[in-house]
Amino acid sequence: MAGYDFNAPRLFVDSPLQMNARVALDRAQANYLLNVLRLKDGASVLIFNGQDGEWRAEVSVEGRKSADLVCAEQTRPQTVRPDLVYAFAPLKHARLDYMVQKAVEMGAGVLQPVITRRTQSTRVNLERMRSNAIEAAEQCGIITLPEVREEENLESFIKGLDKGCLLVFCDEDASVSNPVEALAQAPAKLGNNLSGVAVIVGPEGGFTDQERALVAAHERCVCVSLGPRILRADTAAVAALAIVQSMLGDWN
């Protein structure tokens, strides 16, 4: 039997959650529950705020267009944000939306836009990124939202990494063509006392030679290939995070 109810409506709410707490819904949320899903007074909804775990709440209808939710019981305690940074060169809107959603689904704890020489778009809409992260969390049963950071240039990002952080560099010219093999060698090569993992994927045009040298110079950098085919940056996000989670993360 499945351990999670995927049929229950699920919402992110920006309010403290505790027993009997009353949560006011905004107009869009109320419309979704009352007019799209046609929920009635007393119906159950799962809610989370990224801090107080997940709760089953009951709909309290206040009229045709408004409703509150009342917390009835906690269904899951709050989990710790994954210590996994996903750093990426920003893409154009539709593909960036997709990439953010998939990175959240794959367990990224931090979303870090990084500006490179060949970055397609240097202006990042952080609110749009956060909205996409929330949507992915709502749909996939995730209760810990990732941190959405402001963009920074590549050099600043690399210099700001903790020396104990393992940096997984998705490099088409990696000397070890098998990414699983490369990551399997990482603990022995770099030591087991790691302070987190960061995955970095470049822009569509790739990193320049100078940028590749800068990334590879990080004290605990492991270069991994994502296979014989050239992947789009949004596809590379899924591939890279899947490999990292299976070897070093919560799939291991």
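For region 108-192, evaluate the Debye formula with one uniform point scatterer on each Cα (no solvent term) and list log10 I(q)/I(0) at q = 0.14, 0.15, 0.19, 0.26 Å⁻¹, rounded to two decimals.
Log10 I(q)/I(0), no solvent term: -0.73, -0.82, -1.09, -1.18.
Can you divide the C-alpha Rg of the chain by 2.2 N^0.38 Å and report the result to two decimal places?
Scaled against compact globular proteins, the figure is 1.14.
Using modelled backbone amide H atoms (1.01 Å from N, in-plane), which distant-in-sequence or interchain residues come within less than 5 Å of A67's amide H?
Here L25, E62 satisfy the definition.
As a test, work out the antiparallel percent of DSSP beta bridges whose residues both lie in region 1-139, rounded to the nearest 5.
Here the antiparallel bridges make up roughly 70 percent for region 1-139.
Identify all aspartates and glutamates with a Cα-Cα distance to K65 below 12 Å; exclude those on the same chain that are fewer than 8 residues away in sequence.
Qualifying aspartates and glutamates at Cα under 12 Å: D26.
Bin all alpha-carbon pair distances of region 1-74 at 5 Å intervals from 0 and give each bin's fraction as a whole percent.
Over region 1-74, the share of Cα pairs per 5 Å bin runs 3, 18, 31, 25, 16, 6, 1, 0 percent.
Let's test the formula: R0 of 45 Å, r as the Cβ-Cβ distance of K163 and K65. What FRET efficiency results, to the nearest 0.05?
0.25
Farthest toward the dipole's positive end in the chain, which of A30, P146, A242, given Cβ charges of +1 (Lys, Arg) and -1 (Asp, Glu) about the Cα centre?
Checking the options against the dipole of the chain, the answer is A30.
Efficiency by 1/(1 + (r/R0)^6): what FRET value for D209 and E127, r their Cβ-Cβ distance, R0 = 30 Å, to the nearest 0.05?
Once rounded, the FRET efficiency stands at 0.30.
Counting only C-alpha contacts under 8 Å and six or more residues apart, can you give the relative contact order of region 58-165 as a whole percent?
Computed over region 58-165, the figure is 27 percent.
In percent, how large is the relative contact order of region 1-90, given Cα pairs closer than 8 Å and 6 or more residues apart?
Relative CO of region 1-90 lands at 29 percent.
What are the trypsin sites (Lys or Arg not before Pro) within region 1-103 that DSSP puts in a loop, where the Cβ has at most 14 other Cβ atoms within 10 Å?
Listed in order of number, the matching sites are R38, K40, R64, K65, K92.
In whole percent, what relative contact order does the chain give with Cα contacts below 8 Å and a gap of six or more residues?
Result for the chain is 18 percent.
Which of rounded, prolate or oblate describes region 140-252 when judged by the alpha-carbon gyration tensor and an a/c cut-off of 1.5?
It is rounded, given that a/c, with a ≥ b ≥ c, falls under 1.5.
Assuming R0 = 25 Å, what is the FRET efficiency of E58 and A28, from their Cβ-Cβ distance, to the nearest 0.05?
The formula returns an efficiency of 0.80 here.
Once the convex hull of the alpha carbons of region 72-121 is built, what does its volume come to per residue, in cubic angstrom?
96
Give a residue-ordered list of calculated ³J(HN,Hα) values for region 15-27 (Karplus: 6.51 cos²θ - 1.76 cosθ + 1.60, θ = phi - 60°; whole Hz; x for Gly, Pro).
Using θ = phi - 60°, the values come out as 8, x, 10, 7, 4, 6, 5, 9, 10, 7, 8, 7, 4 Hz.
Are there DSSP H segments in the chain that both extend 20 Å or more along their axis (alpha-carbon positions) and score a mean Kyte-Doolittle hydropathy of at least -1.0? List them, or say none.
126-140, 233-247
Rank by packing, highest mean first: peptides 210-222, 132-144, with packing defined as the count of other Cβ atoms within 10 Å averaged across residues.
Highest to lowest by the protection proxy: 132-144, 210-222.
If region 36-123 were replaced by its equivalent ellipsoid, with semi-axes equal to the square roots of 5 times the Cα gyration tensor eigenvalues, what would those be, largest first, whole Å?
Semi-axes (√(5λ), whole Å): 36, 18, 9.
Read the figures in this text as sums done on the coordinates, not as results from a lab. Treat the numbers as computed from the prediction; the structure is a model and nothing was measured. Backbone-built Cβ (ideal geometry, glycine too); neighbour counts: all protein chains shown.
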